[in-house]
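Shown next, in structure tokens, is the structure this report addresses.
The values are calculated or read from the model by the stated rules, or taken from the named source; none is laboratory data. This is a predicted model, so every value here is computed, not measured. Methodologically, a virtual Cβ is constructed for each residue, glycine included, from the backbone with ideal geometry; neighbour enumeration extends over all protein chains shown. Just the protein is used for accessible areas: all its heavy atoms, side chains included, with ligands, DNA and RNA removed. Shrake-Rupley method; radii C 1.70, N 1.55, O 1.52, S 1.80 Å.
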Amino acid sequence: MNVTGGNTTDKKNPWTCVGVPELLLPAVDVVFLGICILGLLGNIIVFWNLCFRIRRNKYTVYIANLCVADTLLLTVVMFTLVVQISNFFGLHPGSKVTCPFYVFVDTLYYPLVYSGKNILTAISVERCISVLFPIWYRTRRPKKFTTMTCAVLWFLGILEGLLDVFVCDPEAYTSHQLQCVMTEVMIFVSAIGICLPLMVISSAALLHKIRRTVGQQYSPKLYIIIIIAVVVFILSVLPLNIIRFLVFYNVLKTVKLVFISQYWLVTNCFINPYIYFIVGKICNRTTCCSIKDSLQRAFVVETDTSPFSSEGQQA
């Protein structure tokens, strides 16, 4: 989806993306269009319940922001797939998908990808800190810390995405200009050098906590949700950063790998809300459980009754 991923641009008309593989397989794109619709529905339902039906705490604020990022990202991908599918089947004869279209898509796409990455990292790290240092976390954490953190993470994600799109434009990308090299290194270090280690360490700490709490009166549903979400993110999103970095330095020759890896990103956005539903429902002892009840048990009940931290306080 990244216009900078192509390495053949029409010199006579720089607004035409000649080398961009707009559509790999029509059937695959149609399938992922359906996945986008299901993911969009799931994220909207989770966001609505967390904001208007469930008592808010610090983790519901984080998850609501993650749902916003995933919802907007799925909307952008759906829009792109519809345009590409209609163009492929000739529903608009004579029309051509040009570079300005891809630049517009990338301007929305990458800030959302990086913002979601930052928010998920913050969720796992904060939960880990609350488990490892409960007294310090309970007494020192500012009440509005979650809101301030989300605002900063959105700003950093949007800034990172805009730098990726406009500093590393097609010409700078293909000629490996210094500003583009610096941007690609910064993005790679942010994802692989900072976010990945933080997620892995935090998830390992939460997994150790789960093993210690087995057999106690409450089940660590929030731990399970965070660990599953992090694992899915690592498997589906972070390979995109690695592949893009390798393509940029010509270690990998085909840009189609970037497009294939972006399908996995769509899968990550689709899976997240259903992780919340499934974990909340499985951990519920009753036979019938509504979506609200599932989310309530996943994000509120366990945190309010947990003896290890004060997560039930308002964010």
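Can you go through Ala205, Ala191 and tell me which one is under 15 Å from the mean Cα position of the chain (by Cα) and hydrophobic (A, V, I, L, M, F, W, C)?
Step by step, each of Ala205, Ala191 is checked, and only Ala191 is under 15 Å from the mean Cα position of the chain (by Cα) and hydrophobic (A, V, I, L, M, F, W, C).
Here is a yes/no grid of residues against (1) out of contact with any helix residue (DSSP H, G or I) (no Cβ under 9 Å at 6 or more places or on another chain); (2) open to solvent by less than 10 Å² (accessible area, probe 1.4 Å); (3) within 11 Å of Met78 (Cα to Cα):
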position	(1), (2), (3)
Pro26	no, no, no
Asp29	no, yes, yes
Gly34	yes, no, yes
Ile37	no, no, yes
Leu41	no, no, no
Ile44	no, no, no
Phe47	no, no, no
Arg53	no, no, no
Thr60	no, yes, no
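Tell me yes or no: at least one residue of segment 143-154 is part of a helix (DSSP H, G or I), touching a residue at least 24 places away in the same chain (Cβ under 8 Å) and under 21 Å from Asp106 (Cα atoms). Working first, answer last.
Initial filter on segment 143-154 (part of a helix (DSSP H, G or I)): 145-154.
Imposing the further condition that a residue be touching a residue at least 24 places away in the same chain (Cβ under 8 Å) reduces the set to 145-147, 149-150, 153-154.
With the extra rule that they be under 21 Å from Asp106 (Cα atoms), the set shrinks to 153-154.
Checked segment 143-154: at least one residue is part of a helix (DSSP H, G or I), touching a residue at least 24 places away in the same chain (Cβ under 8 Å) and under 21 Å from Asp106 (Cα atoms).
Looking at this structure, is Leu156 in contact with a Phe, Trp or Tyr (Cβ under 8 Å, 6 or more places away or on another chain), open to solvent by 60 Å² or more (accessible area, probe 1.4 Å) and more than 15 Å from Asn241 (Cβ to Cβ)?
The answer is yes for Leu156.
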